[in-house]
Amino acid sequence: MGTFSLLGRLFGAQVNNAGDSLVSALVAFDPETATEVDRDALVEKIRTVAEKFAAAKQDYDKEQNDVVVKQGQINQYLATLDVMVGQLERQEISQSVFDDFCAGIEDAQTQLVQEEEEAAEAKAVKDELEEILKVLTQQMNDFDRVTSKALRDVKLAESQKEKEQLKAERQAELSNLKKGLGAESTAVRKLQEIAQKAKVEAEAAKTVREIAQKPVSQEEKMAAIMAQTQQSTTPTMTAAERVAALKAKAKA
């Protein structure tokens with residue numbers, strides 16, 4: 001019976017489909033949690049095999065010990081038989097006693113064969129379980145190696161995706177800024193419109209004022225010129241003169 005045949009009897013079809021859990025873990029929505037679930041399942045499987053291996057090892061040790069004990073017993077019987085041969089020749093024991101003792105040795109030898117067969121079977125189970133344990137241990141190592149790499153790849157891909165998204169956002173922002181260069185701002189355009197409107201209104205008001213203004217007569221023009229001339233020719237006092245005038249006014 002091969003290793004995987006015994007493994008199949010112990011765990012069923014799950015053994016042959018051991019890779020399916022790996023695949024499902026890697027494509028799960030939450031890969032880290034999924035891999036932990038699968039890893040826990042694999043650990044539980046290893047624990048079960050380890051317990052069976054420990055039990056098989058104890059069984060083998062017991063069977064092997066029985067072989068050693070039985071072999072030691074037979075060796076003692078054979079040593080005693082040599083003594084009994086002399087006793088039989090000296091007629092110190094009867095032939096029937098000698099024959100019974102020989103029959104006992106033959107029975108012990110038959111039992112020894114059975115013990116050896118049982119020990120061999122126990123050893124086969126122990127060795128097979130040990131091999132299964134090695135396979136599962138290797139599977140665990142492979143699982144950790146594959147899932148660790150897969151998780152790293154997922155994180156790297158997500159990081160690259162975020163970087164690409166950031167680059168795209170920056171590119172779009174730069175494009176928008178470039179489009180805005182030289183473009184007329186709505187607020188600025190509105191202010192320009194208001195200023196232009198105010199300028200037009202001011203020009204119109206000036207025109208209306210000039211049109212509605214009464215014509216200035218010649219006499220008024222002459223009076224304005226004279227008033228301006230008199231104002232410009234009026235002597236101004238110096239600071240000392242103003243002080244002297246104020247003092248003179250105070251004495252009066």
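The values are calculated or read from the model by the stated rules, or taken from the named source; none is laboratory data. Only a predicted model underlies this, so the values are computations on that prediction, with no experimental measurement involved. When we count neighbours, we look across all protein chains shown, and the Cβ atoms used for this are built from the backbone with ideal geometry, even at glycine.
Would you check if residue 68 is among the aliphatic types (A, V, I, L, M) and either at pLDDT 95 or above or in contact with an Asp or Glu (Cβ under 8 Å, 6 or more places away or on another chain) (or both)? I'd like the intermediate steps shown before the answer.
Numbers: among the aliphatic types (A, V, I, L, M): yes; either at pLDDT 95 or above or in contact with an Asp or Glu (Cβ under 8 Å, 6 or more places away or on another chain) (or both): yes.
Answer is yes for this residue.
Would you mind stating whether residue 207 is within 30 Å of residue 42 (Cβ to Cβ), at pLDDT 70 or above and surrounded by 10 or more Cβ atoms within 10 Å (Cβ to Cβ)? Give the steps one after another, and end with the answer.
Working: within 30 Å of residue 42 (Cβ to Cβ): no; at pLDDT 70 or above: yes; surrounded by 10 or more Cβ atoms within 10 Å (Cβ to Cβ): yes.
So residue 207 fails the test.
Determine if the range 134-156 includes at least one residue that is under 25 Å from residue 38 (Cβ atoms), surrounded by 11 or more Cβ atoms within 10 Å (Cβ to Cβ) and touching a Phe, Trp or Tyr at 6+ places or on another chain (Cβ under 9 Å).
There is at least one residue in the range 134-156 that is under 25 Å from residue 38 (Cβ atoms), surrounded by 11 or more Cβ atoms within 10 Å (Cβ to Cβ) and touching a Phe, Trp or Tyr at 6+ places or on another chain (Cβ under 9 Å).
Take the conditions within 59 Å of the chain's Cα centre (by Cα), surrounded by fewer than 13 Cβ atoms within 10 Å (Cβ to Cβ) and farther than 22 Å from residue 42 by Cβ and apply them to residue 117. Does it pass?
On the way: within 59 Å of the chain's Cα centre (by Cα): yes; surrounded by fewer than 13 Cβ atoms within 10 Å (Cβ to Cβ): yes; farther than 22 Å from residue 42 by Cβ: yes.
So residue 117 passes the test.
Can you name the residue in the range 63-99 that is under 60 Å from the mean Cα position of the chain (by Cα) and either without any contact (Cβ under 8 Å) to a residue 12 or more places away in the chain or not assigned by TED's automatic domain parsing to the domain that holds residue 123 (or both) and is also nearest to residue 139 (Cα to Cα) among such residues? First the steps, then the outcome.
Let us first name the residues in the range 63-99 that are under 60 Å from the mean Cα position of the chain (by Cα), namely 63-69.
Checking which are either without any contact (Cβ under 8 Å) to a residue 12 or more places away in the chain or not assigned by TED's automatic domain parsing to the domain that holds residue 123 (or both) leaves us with 65, 68-69.
Working: 65: 34, 68: 37, 69: 40 Å.
Of everything passing the filter in the range 63-99, 65 is nearest to residue 139 (Cα to Cα).
Could we say that residue 116 is modelled with pLDDT of 95 or more, assigned by TED's automatic domain parsing to the domain that holds residue 68 and out of contact with any strand residue (DSSP E or B) (no Cβ under 6 Å at 6 or more places or on another chain) here? Give the derivation first.
Values: modelled with pLDDT of 95 or more: yes; assigned by TED's automatic domain parsing to the domain that holds residue 68: yes; out of contact with any strand residue (DSSP E or B) (no Cβ under 6 Å at 6 or more places or on another chain): yes.
Considered against the rule, which asks whether it is modelled with pLDDT of 95 or more, assigned by TED's automatic domain parsing to the domain that holds residue 68 and out of contact with any strand residue (DSSP E or B) (no Cβ under 6 Å at 6 or more places or on another chain), residue 116 comes out as yes.
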